[in-house]
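Visitor: Handing you a structure now.
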Amino acid sequence: MTSRLHATVDGPADAPVLLLGSSLGTTGAMWAPQLVALAARYRVIRYDHLGHGDSAVPLGPYRIELLGREVLALLDDLGVPRAHYAGLSLGGMVGMWLAAHAPERVDRLALLCTSASLGPAEGWRQRAATVRAAGMAAIADAVVARWFTPPFAESRPEVVAAHRALLTATPTGGYAGCCEAIAAMDLRPDLGKIAAPTLVIAGADDPATPVDHADAIVERIAGARLAVVDRAAHLATVEQPGQVNRLLLKHFDEG
C-alpha cells in the first residue's frame with residue numbers, strides 16, 4: 001500500500017469506476033445524497049483528502065500536487081487504471097490537477113462548486129493559523145454559513161448540524177495544511193491541458209466559489225459545459241441532490 005488515503009467503495013465490482021473528492025473540511029460522507037443513485041451504475045470510491053477523516057495527517061503545508069499524487073497512489077492500490085472523477089470544492093481542485101497532469105487516469109470529469117484560483121492567499125494562510133491556534137470551532141460558524149442558503153439552513157437544521165460536525169472533527173493540522181495548499185494554488189495555466197469531457201457545476205447562491213469562478217474554468221477547458229444549480233450554496237450536492245444527481249448521471253452515462 002502506497003496511499004495514505006482512506007476510501008470507501010460501493011457499487012458493482014465490475015462497473016465503471018467513479019471517484020468522488022469532497023470539500024475542504026468534510027469527508028467522503030459528504031456524498032451520501034449521491035450514493036444510491038451513483039452506486040446503482042458505478043463502482044463508487046469516496047476518499048478522504050490527506051489530513052481529513054481517516055486519512056493520514058502529515059505535517060503541512062500541503063500542495064494541490066501532493067493531494068493529487070495521493071489520489072493516484074490510491075488508484076494504484078485499488079488496481080484502478082482509469083476512472084471518472086467528480087470533485088466538489090477542494091475535490092474539484094484536485095480533479096483539475098489530475099486531469100491536467102495524469103490525463104490517462106481520468107475518463108470523464110465533473111467539477112462542482114470549485115475554483116482554479118481562490119485568493120486572496122493571505123486569507124487562507126490566516127485561516128490556517130487560526131485553526132492551529134484556536135481549533136476548528138473558531139472558524140466553524142463562518143464556514144458552515146457559506147455551505148448552505150439561509151432557507152435551507154432554517155428548514156434542515158439537522159443536516160447543517162451533521163455537516164458542522166464533519167468540519168469540527170477534521171484534524172486541525174490537516175485542515176490547515178489544505179488551506180495552505182489552496183493559498184499556493186493557481187491551476188489556470190493547467191486548464192488548457194485537460195482533454196477529459198468536463199462538466200462544471202456551480203451553485204447559484206454559492207458565496208465561497210461564485211458562478212464567475214465556474215465561468216473561468218469553462219472558458220479554459222475545451223468543450224467544457226456549465227450547469228448552474230438553483231437555490232444552492234457551496235454544498236450544492238447536499239442542498240439540491242436531485243438536480244445534482246441528474247446532472248452527474250447524464251454526464252457520466254455519456255461516456
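Visitor: Under a point spin-label approximation (7 Å from Cα along Cα-to-Cβ), what is the residue 254-residue 80 distance to one decimal in nm?
Guide: 2.2 nm
Visitor: In vacuo Debye scattering of the chain, one point per C-alpha: log10 I(q)/I(0) at q = 0.10, 0.17 Å⁻¹?
Guide: -0.42, -1.38
Visitor: Moving on to the next point. Set Lys and Arg Cβ to +1 and Asp and Glu Cβ to -1, take the dipole of region 1-156 about its Cα centre, and tell me which of 56, 27, 149 lies farthest positive.
Guide: 149
Visitor: Roughly how many debye, to the nearest 20, is the charge dipole of region 8-104 about its Cα centre, given +1 on each Lys and Arg Cβ, -1 on each Asp and Glu Cβ, and no other charges?
Guide: In total the dipole reaches around 220 debye.
Visitor: Count the DSSP beta bridges whose two residues both fall in the chain, then state the antiparallel fraction as a percent rounded to the nearest 5.
Guide: Antiparallel bridges: around 15 percent, rounded to the nearest 5.
Visitor: Any chance you could list the semi-axes, whole Å, largest first, of the equivalent ellipsoid that the Cα gyration tensor gives for region 105-165, using √(5λ)?
Guide: In descending order the semi-axes read 23, 22, 11 Å.
Visitor: Something else about it: Can you tell me what share of the DSSP beta bridges in region 1-138 is antiparallel? A percent to the nearest 5 is fine.
Guide: The antiparallel proportion sits near 20 percent.
Visitor: Something else: If you count, for each residue, the other Cβ atoms within 10 Å and average over each peptide, how do 146-153, 68-75 line up from highest to lowest?
Guide: The densest-packed peptide leads the list: 68-75, 146-153.
Visitor: OK, next. Only Lys, Arg, Asp and Glu count, each charged at its Cβ (+1, +1, -1, -1), so figure out the dipole size of region 110-184 about its Cα centre, rounded to 20 debye.
Guide: Using only the charged Cβ atoms, the result is roughly 80 debye.
Visitor: Can you grab the distance from the C-alpha centre of region 43-72 to the C-alpha centre of region 180-252, Å, no decimals?
Guide: 20 Å
Every number here is computed from the coordinates shown, using simple stated rules; none is lab data. Computed from a prediction, not measured in an experiment: that's the story for all the values here. Positions of Cβ are backbone-derived with ideal geometry, glycine not excepted, and every protein chain shown enters the neighbour counts.
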